[in-house]
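The block underneath contains the structure these notes are about, expressed in C-alpha cells.
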Amino acid sequence: MKKVITYGTFDLYHIGHVRLLKRLKDLGDYLIVGLSSDEFNIEKGKKSFFSYEERREILLSCKYVDEIFPENSWGQKRSDIIRYEADIFGMGNDWKGKFDDLNDICKVVYLPRTNEVSTTEIKKSLSNISPRQCEDLEKSLNSAIDIIKAVSDGLYLK
Ligand code: C2G
C-alpha cells in the first residue's frame with residue numbers, strides 16, 4: 001500500500017482542491033491529509049470561512065481522501081511522515097522547494113496548481129455581491145451540500 005500525505009486549509013472547497021487531491025491519490029493507494037487547525041491558520045495569518053470540523057467533514061466526503069488529522073504547526077511534517085509511514089509527500093507547486101528537506105524520508109512532489117481559482121479570489125468576489133445575490137448563493141450552496149451528502153449516503157446509486 002503506497003501512502004501519500006499532503007497538507008492544507010482547504011477552505012471554501014473548490015475545483016483546485018479537488019484536482020490536486022485526485023492527482024495525489026493517483027500517485028498511491030491511500031491519501032492522508034494534514035488539515036490546518038483554526039488556531040494554526042491564525043498563525044499562518046489566515047481566517048478560514050469554515051471551521052476545522054466543517055472543513056474536515058467536507059474533505060471526508062471527497063472520494064480521494066482516506067484519512068485526515070489536524071495540522072497544528074509547521075514543524076510536525078517529519079514526525080507525521082514517519083508516524084503514517086508515508087511514501088510520498090505532495091503539495092501544489094506554490095510550495096515548490098519549501099519541503100525538499102523531507103526528501104531523506106520520502107519522495108517529495110510538487111504538482112501544478114489549478115490557476116484560475118483560489119480561496120482568496122472566491123472571498124474577494126463574494127465580498128462584492130449584494131445581499132440578494134448572497135441569499136441566492138446560499139441557496140445554491142445548501143443544495144450542493146445536500147447533493148454531496150446524498151452521494152456519500154449512496155442515494156444516487158439505488
Ligand atoms: N491548490 C491548488 N490549486 C488551487 C488552490 C490550491 O492546487 N487553485 C493546492 C495548494 O497548492 C495546496 C492545497 O491545494 O497544496 C491546499 O491549498 P490551501 O488550502 O491554500 O493550503 P495552505 O493554506 O497554503 O496550507 O503546511 C502547509 C500548509 O498547510 C498549506
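Consider the range 54-85 and keep the residues that are more than 19 Å from residue 4 (Cα to Cα) and open to solvent by less than 50 Å² (accessible area, probe 1.4 Å). The one that is farthest from the ligand (Cβ to nearest atom) is 58.
Would it be correct to say that residue 147 is open to solvent by 60 Å² or more (accessible area, probe 1.4 Å), over 15 Å from residue 34 (Cα atoms) and of a type in the set (A, V, I, L, M, F, W, C)? Considered against the rule, which asks whether it is open to solvent by 60 Å² or more (accessible area, probe 1.4 Å), over 15 Å from residue 34 (Cα atoms) and of a type in the set (A, V, I, L, M, F, W, C), residue 147 comes out as yes. I'd like to know if the range 21-36 contains one or more residues that are touching a residue at least 60 places away in the same chain (Cβ under 8 Å) and touching a Ser or Thr at 6+ places or on another chain (Cβ under 7 Å). Within the range 21-36, one or more residues are touching a residue at least 60 places away in the same chain (Cβ under 8 Å) and touching a Ser or Thr at 6+ places or on another chain (Cβ under 7 Å).
Across the range 3-38, the number of residues qualifying as part of a helix (DSSP H, G or I), within 8 Å of the chain's Cα centre (by Cα) and near the ligand (Cβ under 7 Å from one of its atoms) comes to 1. Scanning the range 92-128 for residues that are within 14 Å of the chain's Cα centre (by Cα), small (Gly, Ala, Ser) and farther than 15 Å from residue 5 by Cα returns a single hit, 118.
Only a single criterion out of (1) in contact with a strand residue (DSSP E or B) (Cβ under 7 Å, 6 or more places away or on another chain); (2) closer than 27 Å to residue 142 by Cβ is not satisfied by residue 38, namely (1).
Given the condition touching a residue at least 60 places away in the same chain (Cβ under 8 Å) and open to solvent by less than 80 Å² (accessible area, probe 1.4 Å), answer yes or no: does some residue in the range 127-136 qualify?
Applying the first criterion (touching a residue at least 60 places away in the same chain (Cβ under 8 Å)) to the range 127-136 yields none.
Taking every residue of the range 127-136 in turn, none turns out to be touching a residue at least 60 places away in the same chain (Cβ under 8 Å) and open to solvent by less than 80 Å² (accessible area, probe 1.4 Å).
Among the candidates 51, 36, the residue that is loosely packed, with under 14 Cβ neighbours inside 10 Å and of a type in the set (Ser, Thr, Tyr) is uniquely 51.
For the structure I just gave you, tell me whether residue 42 is outside any loop (DSSP other than H, G, I, E, B), open to solvent by 90 Å² or more (accessible area, probe 1.4 Å) and either on the phi < 0 side of the Ramachandran plot or without any contact (Cβ under 8 Å) to a residue 40 or more places away in the chain (or both).
Values: outside any loop (DSSP other than H, G, I, E, B): yes; open to solvent by 90 Å² or more (accessible area, probe 1.4 Å): yes; either on the phi < 0 side of the Ramachandran plot or without any contact (Cβ under 8 Å) to a residue 40 or more places away in the chain (or both): yes.
Yes.
Which condition breaks for residue 84 when tested against (1) within 29 Å of residue 146 (Cα to Cα); (2) touching a residue at least 60 places away in the same chain (Cβ under 8 Å)? The number of the failed condition is (1). When you look at residue 105, is it within 28 Å of residue 150 (Cα to Cα) and either open to solvent by less than 90 Å² (accessible area, probe 1.4 Å) or of a type outside the set (Ser, Thr, Tyr) (or both), yes or no? No. Residue 115 falls short on exactly one of the conditions (1) within 15 Å of the ligand (Cβ to nearest atom); (2) in a helix (DSSP H, G or I); (3) open to solvent by 60 Å² or more (accessible area, probe 1.4 Å), and that condition is (2).
The values are calculated or read from the model by the stated rules, or taken from the named source; none is laboratory data. For clarity, every value in this text was computed on a predicted model and none was experimentally measured. Here the Cβ is made from the backbone with ideal geometry for all residues, glycine too, and neighbour counts use every protein chain on show. These area figures cover heavy atoms from the full protein model, side chains too; ligands, DNA and RNA do not enter into them. Shrake-Rupley method; radii C 1.70, N 1.55, O 1.52, S 1.80 Å.
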